[in-house]
1. Along the charge dipole of region 63-178, which of M159, A148, V117 sits closest to the positive end, that is, farthest toward it, with unit charges on the beta carbon of Lys, Arg, Asp and Glu (+1, +1, -1, -1)?
2. Please report the carbon-and-sulfur percent of the accessible area for region 37-172; probe 1.4 Å, protein heavy atoms only, DNA, RNA and ligands left out.
3. Pop a pseudo-label 7 angstrom from the Cα along the beta-carbon direction at both R127 and N185 and give the gap in nm to one decimal.
4. Could you calculate the FRET efficiency of T227 with S171 from 1/(1 + (r/R0)^6), where r is the beta carbon distance between them and R0 is 30 Å, rounded to 0.05?
5. Rounded to the nearest 0.05, what FRET efficiency do K144 and V88 give with R0 = 22 Å and r taken as the Cβ-Cβ distance? Could you check?
6. Each residue of region 207-220 in turn: what ³J(HN,Hα) in whole Hz from Karplus with 6.51, -1.76, 1.60 and θ = phi - 60°, glycine and Pro shown as x?
7. Show the residues, 5+ positions off or on another chain, whose built amide H is closer than 5 Å to the amide H of L155.
8. If r is the Cβ-Cβ distance from Q194 to S102 and R0 is 30 Å, what FRET efficiency results, to the nearest 0.05?
Amino acid sequence: MNKYFILIFCAICFSCNNNNQNQRSSNIDEKKKDKVSENELEEKNESSKVILFYGNSLTAGLGVDPDQSFPSVTENILDSLGYDYEIVNAGVSGETTASGLSRLDWVIENTEFDVFVLELGANDGLRGIPVDETYRNLTEIIKKVRKADPDVKILLTGMMVPPNMGPDYSSAFLAVFPKVAEEQNVEFMPFLLQDVAGIDSLNQDDGIHPNVKGHKITARNLSKVLTEQVL
């Protein structure tokens, strides 16, 4: 486990679909059929709620296909359970709580969402950013989201720092997440990568980012938190 936590913060990378338009039919009946399908799609989109995942390379799904990342797999799990939610993945590799805060206004202005999953802080630990700054940034992110929509549901996911940062920093950093969750009255998942961290068969060759199997387990655990605490 220690090896994993030493490595988990050691990568800052970059990662980020357009659907083709339906082919028009010259047949009148086919046109009517297409029109019905379009109406049904519009109704589904209007009825579906949105979960916005806001995080770093873990959320972005670095190293796996977009549909294999844990946010996408979470959408599939929720759908199988009868929940009608669309997932928006706003993860950016290398994101810190500060950079996440700086781009939040644009995301809020351009995205409508009902649930906000906040997964940031790992890269703060990599850089040894003072825990007070991480605390303030996470708090401000939550306040901005709630100001934009007082009814939004928020889930904060916790993270750990590498042990080589020293026991004082490690314990102080770990305490930031539950403190923010309690003070801001948001739901909390203590550790995003529970049952995945440090297991070679569930991580990519870098030992840092989950592989396809790891993302599935993360999605399973996260879906349980969402259905039991948030949705």
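1. My answer, from the dipole projection, is M159.
2. On the way: 3040 of 6380 Å².
The value for region 37-172 is 48 percent carbon and sulfur by accessible area.
3. Modelled inter-label distance: 3.2 nm.
4. Values: r = 31 Å, r/R0 = 1.04.
Efficiency computed from Cβ-Cβ geometry: 0.45.
5. Details: r = 17 Å, r/R0 = 0.77.
Efficiency at R0 = 22 Å is approximately 0.85.
6. x, 10, 9, x, 8, 4, 5, x, 5, 5, 5, 4, 5, 4
7. Those qualifying (amide H under 5 Å, at least 5 residues apart or on another chain) are F116, V117, L118.
8. Working: r = 29 Å, r/R0 = 0.97.
The calculated FRET efficiency here is 0.55.
The values are calculated or read from the model by the stated rules, or taken from the named source; none is laboratory data. Treat the numbers as computed from the prediction; the structure is a model and nothing was measured. Backbone-built Cβ (ideal geometry, glycine too); neighbour counts: all protein chains shown. Side chains included, ligands, DNA and RNA excluded: accessible areas come from the protein's heavy atoms. Shrake-Rupley method; radii C 1.70, N 1.55, O 1.52, S 1.80 Å.
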